[in-house]
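Data first, discussion second: the structure below is written as structure tokens.
The values are calculated or read from the model by the stated rules, or taken from the named source; none is laboratory data. The structure displayed is predicted, hence computed values, not measured ones. Heads up, the Cβs are rebuilt from the backbone with ideal geometry, glycines too, and the neighbour counts pull from every protein chain shown. Just so you know, the surface numbers come from the protein's heavy atoms only, side chains and all, with ligands and any DNA or RNA stripped out. Shrake-Rupley method; radii C 1.70, N 1.55, O 1.52, S 1.80 Å.
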Amino acid sequence: MFKKLFSALLCVALLLCMAACGNTDTNSDVGGASAPQPEPEPEPIIYVNPLTGIQNIEQEEVIYRRPVAVMINNISIAQKVQTGLTQADIVYETEVEGGITRLMAVFQDITKVEQFGTVRSARYPYVDLAMGHNALYVHHGQDNTYCKPHLKDTQAFTIASNNAGARIKNGLATEHTLYGYGPKLWDWFKTKTKFDLDLDAVRNWQDFTKEGEDLTLESVATNISVPFSASYNTVFKYDEVNQKYVRYFKNTQRLDYLTSAPEYFKNVFVLITDITDYPDGYHRKVALESGEGWYCVNGSYMPILWSKGEASEALKFTDLNGQTIKVNQGNSWVCIAKKGINVTFE
């Protein structure tokens, strides 16, 4: 009798165990309905940089920020200690006094630029070029006769070692040692100034090509030489592997001081205009109304017309028939040189 009772209880226990095991699958139907599945993660939205046309900005607020334009020292002895130009969206180069040139680097997102420099003083035409981007203008010092009054027409910031900059020894004289820090600079703008930091609307700098388009133009330009003066010759050599131009000063390739990276630029513009002396016979006056020039990309070039007009207007590029040209997506170097120089393309 006991054996029969024990066998019956054992059978009941086995049945209960089998039932429990059969309900361990969390995805099994219960009452004919499946358990809810987790929602897939949404694809991140990447925004287009309005200065380059490249889709590489992760936060929407960044495309509504005012760009930052920084004056960069380009005297020949200080070119070897330049840094940050490889991260610029646009670089402008034109004459200042004494036959030398100075640079202005424009960044849509300065917070991505850990360090830039060396920073030098403001000159009148660069203020106009910065205003064409509605950019915050960063410099250290200025031409007091012609440029200083013009700085009141925009929002300009004197960077120094007591705010977002630092003097760093690099083997050169003190005037060639001022560097800035991108994240610190933008934080300073937000917390220590009353600057307007946002744009009313996002507008692309040029009519950029679409994703996947890559223009090649009618004439060969694998080597471009722009002799701004007898002593300052900027050269661009086309790198077929990277499909970009590399910057040289005469025969010397320029590398980033901190990273040793080559300075690659997708687009090169050479704009010709009147450059004359101001009445002091020293500072240079650069006409920015309109003129002729060339657009170079992918080892090729075409003649263009350019115009700017008011200080607050951006540069406009057309073909010789007045039709707006397409510009390849990518960063740009803009040379503004005087009439009569011998620009060469090979």
Treating every alpha carbon of segment 42-199 as one equal point scatterer without solvent, the Debye formula yields log10 I(q)/I(0) values at q = 0.16, 0.17, 0.19 Å⁻¹ of -0.87, -0.98, -1.22
If the chain between Asp198 and Glu41 were fully extended at 0.36 nm per residue, the gain over the current Cα-Cα distance would be 53.5 nm
So, over other residues within a Cβ distance under 13 Å of Ala78, counting Lys, Arg +1 and Asp, Glu -1, the net charge is +3
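Taking only C-alpha pairs under 8 Å that are 6+ residues apart, what is the relative contact order of segment 191-308 in percent?
23 percent
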Restricting to Cα pairs under 8 Å and 6 or more apart, the percent relative contact order of the chain works out to 18 percent
For the chain, the longest principal axis of the Cα atoms and the Cα long axis of helix 2-21 enclose an angle in degrees, to the nearest 10, of 20 degrees
Given backbone amide H placed at 1.01 Å from N, residues whose amide H is under 5 Å from that of Phe157, ignoring those fewer than 5 places away on the same chain, are Tyr137, Val138, His139
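Keeping the other protein chains in place, figure out the carbon and sulfur percent of the accessible area of segment 264-327, with a 1.4 Å probe.
On the way: 1350 of 2800 Å².
After summing per-atom areas, the C and S share lands at 48 percent.
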So the pair-distance distribution of segment 109-265, from every Cα-Cα distance in 10 Å bins, comes to percents of 8, 26, 37, 24, 5, 0
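Please get the size of the charge dipole for the chain, origin at its Cα centre, with Cβ charges of +1 on Lys and Arg and -1 on Asp and Glu, quoted in debye to the nearest 20. Can you show the working numbers first?
On the way: 32 positive and 40 negative charges, 235 e Å.
Around 1120 debye, computed over the chain.
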For segment 231-346, using Cα atoms only, the Rg and Dmax in Å read 15.4, 48
Quick shape summary for segment 82-124, equivalent ellipsoid via Cα gyration tensor, semi-axes whole Å in descending order, reads 21, 10, 9
Note, Phe189: beta-carbon cut-off 12 Å, +1 each Lys/Arg, -1 each Asp/Glu, net +3
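Once the mean 1/r over all distinct Cα pairs of segment 94-173 is inverted, what Kirkwood radius in angstroms do you read off?
Working: mean 1/r = 0.0730 Å⁻¹.
Here the Kirkwood hydrodynamic radius works out to 13.7 Å.
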Given unit charges at Cβ for Lys, Arg (+) and Asp, Glu (-), the dipole magnitude of segment 190-346 about its Cα centre in debye, nearest 20, is 480 debye
Over the Cα atoms of segment 45-112 the radius of gyration and the largest Cα-Cα distance (Dmax), both in Å, equal 14.2, 48
Here the gain from full extension of Asp239 to Gln55, 0.36 nm per residue of separation minus their alpha-carbon distance, amounts to 64.0 nm
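Over segment 104-237, what is the relative contact order in whole percent, taking alpha-carbon pairs under 8 Å and six or more residues apart? Spell out each step's value before the answer.
Numbers: 150 pairs, mean separation 30.1, N = 134.
Dividing the mean separation by the residue count of segment 104-237 yields 22 percent.
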Of segment 242-270, those with amide N under 14 Å from the point 7 Å along the Cα→Cβ vector of Leu172 are 249, 254-258
Applied in sequence order to segment 283-288, the curve 6.51 cos²θ - 1.76 cosθ + 1.60 (Karplus, θ = phi - 60°) yields integer Hz couplings, x standing for Gly and Pro, of 6, 9, 9, 10, 6, 10
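Quick one: pull the percent of accessible area on segment 143-211 belonging to carbon and sulfur, 1.4 Å probe, ligands and nucleic acids left out. List each step's numbers first, then the result.
Details: 1860 of 4110 Å².
Using a 1.4 Å probe with all protein chains present, segment 143-211 comes out at 45 percent carbon and sulfur.
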Mean accessible area per residue over the chain (1.4 angstrom probe, all protein chains present, square angstrom) is 51 Å²
Once Glu346 and Leu215 are pulled to full extension, the length gained, defined as 0.36 nm per residue separation minus their Cα-Cα distance, is 45.3 nm
Taking the alpha-carbon centre of each part, the distance from segment 266-335 to segment 108-165 in Å is 21 Å
Within the under-12-Å Cβ sphere about Asn298, not counting Asn298, Lys/Arg +1 and Asp/Glu -1 give a net charge of -3
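For segment 122-175, with only Lys/Arg (+1) and Asp/Glu (-1) charged at the beta-carbon, what is the dipole magnitude about the Cα centre, in debye rounded to 20? Don't jump to the answer; show the numbers that get you there.
On the way: 5 positive and 4 negative charges, 37 e Å.
The dipole magnitude comes to about 180 debye.
I want the antiparallel fraction of DSSP beta bridges within the chain, as a percent rounded to 5. Please list the in-between numbers first.
On the way: 62 of 82 bridges.
In the chain, DSSP labels about 75 percent of beta bridges as antiparallel.
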